[in-house]
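Trainee: Sending over a structure as structure tokens; questions will come in a sec.
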Amino acid sequence: MSLAHGYAVRTNTAPLEPFTFERRAVGSNDIRIEVLYSGICHSDLHQARDDWGGAEYPMVPGHEIIGRVVEVGPSVTTLKVGDFAGVGCMVDSCRHCDACDHDLEQYCEKGPTYTYNSHDRNTGELTMGGYSDHIVVEQRFVVKVSEKLDLKAAAPLLCAGITTYSPLRHWKVGPGQKVGVIGLGGLGHMGVKFAKAMGATVVMITTTPEKGADAKRLGADEVLVSRDAEQMKAHANSFDFLLNTVPVSHDTNPYMSLLKRDATMCLVGVITELDPPLMGGTVIFGRKHVTGSAIGGMAETQEMMDFCAEHGIVSDVEVINIKDVNQAWERMAKNDVRYRFVIDMATIKA
């Protein structure tokens, strides 16, 4: 066992505060990682406030973790002491179902074990996330991080990155395609970067014209203001793929008119009901598809990290002291960040 120092919430209305707890001892296949940077995801706030139900306390959030390997078990073959490593949304799965057999642990039929607010499959203890000084994870659920990457800006790749990379790769986005990214936030800004690096023509679709300049800085070829009826009409039936990153309930019907026949819109942000509901006609006329995607499996996450190292892709981040994490949550709730907060975990020692 090892004593860990982190920040936790103790109720759904409490602020984050210093918290000391125990991590398990390093087992044969385990890796102990000194956490260097921990990204702040909007889902951290949702989980802490029990917006989705099922929250358990005390809760140490954080599933965008970049660190340095400080100890490995005797059977570990993937990393060594001194390597940079990443941990995302999962730390275990059943490993035996069809999804796990196909390296799709995020769709484990018995449910993955999440990095926090979940239960260890062996001990039953509550998992604790990356707002802490170290973490112990089985090697299958740890990825190697290239020294080429800016480590602080690489942290959000473990959630925002893989959440957008996976559907773009699965639906084979590439040269000659016109791809729309709906919503410019933590997810959307990564979607633009990835789609552009994959060779597609990228259109940022937003309700906010003021975001246009930043979208083009990130790599978008064009900006489409979805509230402008003339612009929407000009782009009708022209998109090969739409990546919808909007994290709240919204009207998806207007976007369906943008798709070509047999094309797909993939939801990666909203997990609640669509309001107003999706109209059947928007799907039927044109044989169009609406689908969804959740993070990525571990093999694909490693592929994404390697892709980012090759193409120089990281997130746009604002680095904070952990003592300022509650203010960062307040700002995040107001969308006052471009585009991801990252905690410098060295500040936990101060």
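Trainee: Taking region 225-243 only, how many residues are buried (at least 21 other Cβ atoms within 10 Å of the Cβ) and touching a helix residue (DSSP H, G or I) at 6+ places or on another chain (Cβ under 7 Å)?
Mentor: 2
Trainee: I need every pair where a residue in region 261-284 that is within 17 Å of GLY191 (Cβ to Cβ) has its Cβ under 8 Å from the Cβ of a residue that is among the basic types (Lys, Arg), sequence separation at least 6 or different chains.
Mentor: Hits for this filter: ALA263/LYS288; THR264/LYS288; MET265/LYS288.
Trainee: Quick check, is THR252 open to solvent by less than 20 Å² (accessible area, probe 1.4 Å), of a type in the set (S, T, N, Q), out of contact with any Phe, Trp or Tyr (no Cβ under 6 Å at 6 or more places or on another chain) and without any contact (Cβ under 8 Å) to a residue 60 or more places away in the chain?
Mentor: So THR252 fits the description; yes.
Quick grid of which residues meet (1) part of a loop (DSSP other than H, G, I, E, B); (2) open to solvent by 60 Å² or more (accessible area, probe 1.4 Å):
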site: ALA294; (1), (2): yes, no
site: ALA299; (1), (2): no, no
site: ASP306; (1), (2): no, yes
site: ALA309; (1), (2): no, no
site: VAL325; (1), (2): no, no
site: ALA328; (1), (2): no, no
site: ARG338; (1), (2): yes, yes
site: VAL342; (1), (2): no, no
site: ILE348; (1), (2): no, no
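Trainee: Could you grab the pairs with beta carbons closer than 8 Å, sequence gap of 6+ or different chains, first residue in region 70-87 and closer than 20 Å to MET298 by Cβ, second one at pLDDT 95 or above and among the acidic types (Asp, Glu)?
Mentor: Once the first residue is closer than 20 Å to MET298 by Cβ and sits in region 70-87, its partners that are at pLDDT 95 or above and among the acidic types (Asp, Glu) give VAL72/ASP30; GLY73/ASP30; VAL76/ASP30; PHE84/GLU147.
Trainee: Okay, moving on. So VAL270 fits all but one of (1) open to solvent by less than 60 Å² (accessible area, probe 1.4 Å); (2) in contact with a strand residue (DSSP E or B) (Cβ under 9 Å, 6 or more places away or on another chain); (3) at pLDDT 95 or above; what number is the exception?
Mentor: So the condition that VAL270 fails would be (3).
Trainee: Consider region 1-14. How many of its residues are aliphatic (A, V, I, L, M), assigned to a strand (DSSP E or B) and either surrounded by fewer than 18 Cβ atoms within 10 Å (Cβ to Cβ) or without any contact (Cβ under 8 Å) to a residue 60 or more places away in the chain (or both)?
Mentor: The qualifying residues number 2.
Trainee: Follow-up question, since we're still on this one. For region 71-87, check the following and say yes or no: at least one residue is in contact with a His (Cβ under 9 Å, 6 or more places away or on another chain) and under 18 Å from ALA294 (Cα atoms).
Mentor: The answer is yes, given that some residue of region 71-87 is in contact with a His (Cβ under 9 Å, 6 or more places away or on another chain) and under 18 Å from ALA294 (Cα atoms).
Okay, residues lined up against (1) hydrophobic (A, V, I, L, M, F, W, C); (2) under 18 Å from SER166 (Cα atoms); (3) out of contact with any Leu (no Cβ under 6 Å at 6 or more places or on another chain); (4) modelled with pLDDT under 95:
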residue: LEU187; (1), (2), (3), (4): yes, yes, yes, no
residue: GLY199; (1), (2), (3), (4): no, yes, yes, no
residue: VAL225; (1), (2), (3), (4): yes, no, yes, no
residue: ASP228; (1), (2), (3), (4): no, no, yes, no
residue: SER238; (1), (2), (3), (4): no, no, yes, no
residue: LEU242; (1), (2), (3), (4): yes, yes, yes, no
residue: LEU259; (1), (2), (3), (4): yes, no, yes, no
residue: PHE285; (1), (2), (3), (4): yes, no, yes, no
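Trainee: Just one of the numbered conditions (1) crowded, with 18+ Cβ neighbours inside 10 Å; (2) over 24 Å from PRO61 (Cβ atoms); (3) not polar (S, T, N, Q) is not true of ASP275; which one?
Mentor: ASP275 satisfies every listed condition except (1).
Trainee: Moving to a separate point now. How about region 117-131: which of its residues are open to solvent by 10 Å² or more (accessible area, probe 1.4 Å) and either charged (D, E, K, R) or in a loop (DSSP other than H, G, I, E, B) (or both)?
Mentor: Within region 117-131, ASN117, SER118, ASP120, ARG121, ASN122, THR123, GLY124, GLU125, THR127, MET128 qualify.
The values are calculated or read from the model by the stated rules, or taken from the named source; none is laboratory data. Bear in mind that the values here come from a model prediction, so they are computed numbers and not experimental data. Cβ atoms come from the backbone with ideal geometry, glycine included; neighbour counts cover every protein chain shown. Each accessible area value is taken on the protein alone, full model and side chains, heavy atoms only, with ligands, DNA and RNA left out. Shrake-Rupley method; radii C 1.70, N 1.55, O 1.52, S 1.80 Å.
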